[in-house]
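Before any comments, here is the structure.
What follows draws every value from the coordinates through simple rules; no lab data is involved. Being a predicted model, the structure only gives us computed values, none of them experimental. A quick note on method: Cβ atoms are made from the backbone with ideal geometry, for glycine too, and the neighbour counts reach across all protein chains shown.
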Amino acid sequence: MRLGEGCGRWITLHPRGFLGHVGGRRLKPALTVGLEMHHTSPQTCIESACFGCLDQMTVKVEMYTSANCAYCVAAKNLMKRKGLDYEEIRIDTDPARREEMLARSHNRRSVPQIFINGAHIGGFEELAAADHSGKLAQMIGSAQSA
């Protein structure tokens, strides 16, 4: 099925995931899950309608890090393996962001400190545990279907 025929941009929905480019953005497998339910009409323009769905299904990951931090590198690698984009916030170069991290993480001083859609996950060990238990996949899935 092709959506957005009118604007010349398309997404191919496939049971196994990705398959297209939209407005210069490459869609990841996780982002196409459930999209067919939102826009099944071939006349629906991907530019005007589906970007709203994509934005609602996007998972926002914020990661407070510092230089020379092995756990930060491990957390970034895990996010890359999962196909998740993240915002890296360097606390060693911006003292105000360090204070922000402390306030959001209930005074946890270690890095990384990871937040998914505003919810505090913890550091790398908590992230890895959530990944191994399947909780991370559930969090990502529920955020995308919200």
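Volume of the convex hull of the range 61-145 (Cα atoms only), normalised per residue: 84 Å³. Summing Lys and Arg as +1 and Asp and Glu as -1 over all other residues whose Cβ lies under 15 Å from the Cβ of Lys135 gives a net charge of -2. Distant-in-sequence amide contacts of Gln113, defined by a placed amide H-H separation under 5 Å and a gap of 5 or more residues or a different chain, comprise Tyr64.
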